[in-house]
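Novice: Please read through the structure below; I'll follow up with questions.
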Amino acid sequence: MRILCFLKAILDPEAPPGAIRFPGKVESGDVSTVLGPFEGNALELSVQVAEASSGAFVAVAMGDAAQDVTLRKALALGAERAVRVDAPLGFQDPLAVARRLRAAAEAAGGADLYVFGRQAGDWDMGVTAGLFAGLLDLPFVPLVQHAEVSGQSLRLRREIAGGYEESLRQTPLVVSVTNGPGTLMRLPKVKDVMLANRKPIDVLQPVATEPTLELQEIAQAQVTRQGRMITGDTAQQAAGLAAELRRFLVTGGGN
Amino acid sequence: MRIAVLARLLDAGEAQVLEALGLMASLGGEAQSLFLGAAAQSSLSAVGEARLGVHPGLDDPEPELAYAAALRLLGDEAPRLLLMPEGPLFEMIGARLGGHYGMGVVRDVDEVQVEGDGIVLRKGAYGGKANVRLRARGGVVAALRAGAFAAADPPAQTPSVVELGNLAEGGQERRTVRDTSGDDLGRAKVIVSGGRGLGSREGYEGLRPFAAMLGASLGASRAAVDEGWASPSQQVGITGRKVAPELYLAIGISGASQHLSGMSGSRLVIAVNRDEHAPIFEAADIGVVADWYQLWPQLQKALEG
Ligand SMILES: Cc1cc2nc3c(=O)[nH]c(=O)nc-3n(C[C@H](O)[C@H](O)[C@H](O)COP(=O)(O)OP(=O)(O)OC[C@H]3O[C@@H](n4cnc5c(N)ncnc54)[C@H](O)[C@@H]3O)c2cc1C
Ligand SMILES: Nc1ncnc2c1ncn2[C@@H]1O[C@H](COP(=O)(O)O)[C@@H](O)[C@H]1O
């Protein structure tokens, strides 16, 4: 199968609180840009399907040169080619992103399987895969956890409320990938990382498109609570915590 | 401005549908209530013109059938604002409808305002570290965060029933597996969640006797799910379950904002982590800086004693 895998690098989602600030804009200090975790899941699924079908995958990312970290990772894991659609980062309307990714997909000659991550951890939109499927009028399977190749079809496991659903799907197809038993990203070999650093990245110019959504405002959200600590040695901590839990159980959480 | 609510009865739950109807009623404009269901119903709570698209496959739809059903019910021209409860139906078709009709799509919306010729929607970003307002110039599909809007109490109406006719299913050999491990998280009064800090599957499993003492359900961080210790349906967070128990215990969880987004509605939060700088302590009411494996034997004794 021919696979197109769409990847995005984001500011490290596990940066400590306060490292990324939002005083009316995004201030990221020295937080590094990394491949997002769901994009890692998408990459893993692309590698697996390419291997099992004796096919190949091409990695596509839209953004500035900071995106190259993700494309290099894809190359190290066996991507046939890496394409970057050159557009500035910052908030991007997912519909406009999907239109530009569609143009990149057409330029790459299309695919049997289009693989997206579930959600990019910067704007937490979680909609680009579905938009892309709607634009191309292709079937869409969201939240895929596991894929098995069966000829030109795929047996897909997708997350549903309280469990999963499996079915056999024909290609062409668009999927979004979530974390689950089958999509934990493998680590590339050191040798392949070194080789990938020397491979070229094809740069495409984005097609013109009018965004529908604009970022009007961004502000810091507050999640902190005024907590207190149970201190002392371990025995004292255990006694203190047991007392809190007993109090909770007795009052049924009422007060 | 034409506004519609699109919901599958049985999908998100009645409360969430009433919240969407409440928002639609408060925005004014030309309102439409569009429902998908497996069988005709004589009356439904609805605002504005009410239509019910009927097909037996909508009892437990897969994505292709749900999408085809929605397209038939919506017709050629989408409303300017399409409101959907956040949930499985939106996940399957919401964004795809946006692509089809050329509409913007925003999920996790907790505020909607009509301002001049624009629609302004508020949502979280950066794992809940930020809130953003997005302005839509054209049409927009909005998935509404559960609990964020006041529910309407509209009179019951008789919807006009639209028989949706033949709709193709997208997959073959379909099989659904309900994995009961995370089933009760939504209703649980007490949740004990374990993270990567537990170190091993046995360590995670070791939470069971503790949970049993408290009558708690077991949740997990994404890292614990990735390690294979817990199932995806036990994941708590922005891309897992949103929970709001009376008591939430986080054991060996660092407190990444994406995890906090799923449990911030909990009434009392207790965190155990061996790192005093772990961000979870900023989001907890009671914190214990301790190694769980040293704390637990003594805690067990203290609780049994
Ligand atoms: C778009 C996106 C969506 C995401 N969605 C979710 C989500 O829904 N849910 C979610 O949980 N995450 C989610 N994440 C991932 C999130 O960013 C974190 O990676 C994850 O929550 C970390 O899990 P953890 O706290 O278990 O692991 P770690 O961050 O590795 O933390 C382990 C903690 O255990 C402590 N510890 C270690 N040993 C012990 C011990 N013996 N006793 C006590 N404490 C100990 C450590 O001090 C540390 O704080 C998402 C990320 C992105 C980008
Ligand atoms: N700029 C981009 N370049 C390549 N892929 C992207 C881009 N933005 C989003 N995607 C893909 O769409 C998925 C969902 O992103 P989002 O809808 O922004 O949460 C990501 O996991 C990527 O697979």
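The values are calculated or read from the model by the stated rules, or taken from the named source; none is laboratory data. Computed from a prediction, not measured in an experiment: that's the story for all the values here. Counting neighbours? That spans all protein chains shown, and the Cβs are built from the backbone with ideal geometry, glycine included.
Novice: Restricting the search to segment A:160-182, which residues are at pLDDT 95 or above and within 16 Å of ligand 2 (Cβ to nearest atom)?
Specialist: Correct list: A:Leu173, A:Val174, A:Val175, A:Ser176, A:Val177, A:Thr178, A:Asn179.
Novice: Oh, and also: Those residues that are more than 25 Å from A:Glu166 (Cα to Cα) and not acidic (Asp, Glu), I need them from segment B:60-98; list them, please.
Specialist: Once the filter is applied, which keeps residues that are more than 25 Å from A:Glu166 (Cα to Cα) and not acidic (Asp, Glu), segment B:60-98 yields B:Arg72, B:Leu73, B:Leu74, B:Gly75, B:Ala78, B:Pro79, B:Arg80, B:Leu81, B:Leu82, B:Leu83, B:Met84, B:Gly98.
Novice: Read through the list (1) more than 8 Å from chain A (Cβ to nearest Cβ); (2) part of a strand (DSSP E or B); (3) more than 15 Å from B:Gly206 (Cβ to Cβ), then give the number of the only condition that B:Glu276 fails.
Specialist: It fails just one condition, (2).
Novice: Another question, if that's okay. Could you give every pair whose Cβ atoms fall below 7 Å, whose first residue belongs to segment A:95-106 and is over 10 Å from A:Leu204 (Cβ atoms), and whose second residue is in a helix (DSSP H, G or I) and among the β-branched types (Val, Ile, Thr), counting only separations of at least 6 or pairs across chains?
Specialist: Final answer for the pair search is A:Val97/A:Thr128; A:Ala98/A:Thr128.
Novice: I'm trying to understand the selection: among the residues of segment B:262-273, which are modelled with pLDDT under 95 and more than 8 Å from every other protein chain (Cβ to nearest Cβ)?
Specialist: B:Gly265
Novice: Kindly check whether there is at least one residue in segment A:25-35 that is buried (at least 23 other Cβ atoms within 10 Å of the Cβ) and assigned by TED's automatic domain parsing to the domain that holds A:Ala129.
Specialist: yes
Novice: Could you figure out which of (1) touching a Gly at 6+ places or on another chain (Cβ under 9 Å); (2) within 12 Å of chain B (Cβ to nearest Cβ); (3) modelled with pLDDT of 95 or more isn't true of A:Gly227?
Specialist: (3)
Novice: Please determine whether any residue of segment B:238-246 is closer than 26 Å to B:Ala130 by Cα, within 16 Å of ligand 2 (Cβ to nearest atom) and in contact with a Phe, Trp or Tyr (Cβ under 8 Å, 6 or more places away or on another chain).
Specialist: The answer is yes; a qualifying residue exists.
Novice: Can I ask one more? In segment B:209-228, what count of residues is obtained for those that are closer than 23 Å to A:Ala161 by Cα and touching a strand residue (DSSP E or B) at 6+ places or on another chain (Cβ under 7 Å)?
Specialist: So the answer is 11.
Novice: Right, A:Val223: aliphatic (A, V, I, L, M) and exposed (fewer than 15 other Cβ atoms within 10 Å of the Cβ) or not? Walk me through it before giving the result.
Specialist: Values: aliphatic (A, V, I, L, M): yes; exposed (fewer than 15 other Cβ atoms within 10 Å of the Cβ): no.
Against the criterion (aliphatic (A, V, I, L, M) and exposed (fewer than 15 other Cβ atoms within 10 Å of the Cβ)), A:Val223 does not qualify.
Quick grid of which residues meet (1) within 12 Å of chain A (Cβ to nearest Cβ); (2) surrounded by 21 or more Cβ atoms within 10 Å (Cβ to Cβ); (3) in contact with a His (Cβ under 9 Å, 6 or more places away or on another chain); (4) modelled with pLDDT under 95:
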{"residue": "B:Leu21", "(1), (2), (3), (4)": "no, yes, no, no"}
{"residue": "B:Ser43", "(1), (2), (3), (4)": "no, no, no, yes"}
{"residue": "B:Pro56", "(1), (2), (3), (4)": "no, no, no, no"}
{"residue": "B:Leu81", "(1), (2), (3), (4)": "no, yes, no, no"}
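Novice: Further, regarding this structure: So which of B:Val109, B:Val120 ends up being within 11 Å of chain A (Cβ to nearest Cβ), aliphatic (A, V, I, L, M), under 24 Å from the mean Cα position of the chain (by Cα) and not in a helix (DSSP H, G or I)?
Specialist: Being within 11 Å of chain A (Cβ to nearest Cβ), aliphatic (A, V, I, L, M), under 24 Å from the mean Cα position of the chain (by Cα) and not in a helix (DSSP H, G or I) holds for just one of B:Val109, B:Val120, which is B:Val120.
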